[in-house]
Each structure stands twice: as structure tokens, then as C-alpha cells.
Amino acid sequence: MAPGFDGDSYLIFFQAFILPVVMVVNFFRNRTPKPKLTDTQQAWREDQKPAGRQ
């Protein structure tokens, strides 16, 4: 029998394993610089936004 194990059960929260993976993915996603938009591209994106959102 393993030391420290009395036959009881343990509750494992899977979020404890998922959170570090999400944090690493976000770290690398935010590391890459966003491409700079030209004035024409910025104007086109502003024109494409729905009327209610700004």
C-alpha cells in the first residue's frame, strides 16, 4: 500500500489542471504583436461595425 493512503477517496478538481493550460495559451496568444492597420483598413473596419456598437 502507498504511504499516506488509508483507503479514503480524494476529490480532484479538474479545473486545477485546466487553468494552467489556459494561462499558458493566453500568454503565448498575447505575446504575438497585433498587425498594424493602415488608415484604409481602420476606416473599413469602422464602416463594417453595426450601428448599435461603437
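The values are calculated or read from the model by the stated rules, or taken from the named source; none is laboratory data. Remember, predicted model here, so these are calculated numbers, not experimental data. All accessible areas refer to the heavy atoms of the entire protein, side chains included, with ligands and DNA or RNA removed. Shrake-Rupley method; radii C 1.70, N 1.55, O 1.52, S 1.80 Å.
Binning the C-alpha pair distances of the chain at 10 Å intervals from 0 yields a P(r) profile of 17, 18, 22, 19, 10, 7, 8 %, listed from the shortest bin outward.
Rolling a 1.4 Å probe over the heavy atoms of the protein chains gives the chain an accessible area of 110 Å² per residue. What value, in deg cm²/dmol to 500, does the helix sum -39500 (n - 2.57) over DSSP H runs of n ≥ 4 give at 222 nm once divided by the residues of the chain? Calculated from helices alone, the mean residue ellipticity at 222 nm is -16000 deg cm²/dmol. Angle check, please: helix 15-31 long axis (alpha carbons) against the longest principal axis of the chain (alpha carbons), in degrees 0 to 90, nearest 10. Compared with the principal axis, the helix lies near 30 degrees.
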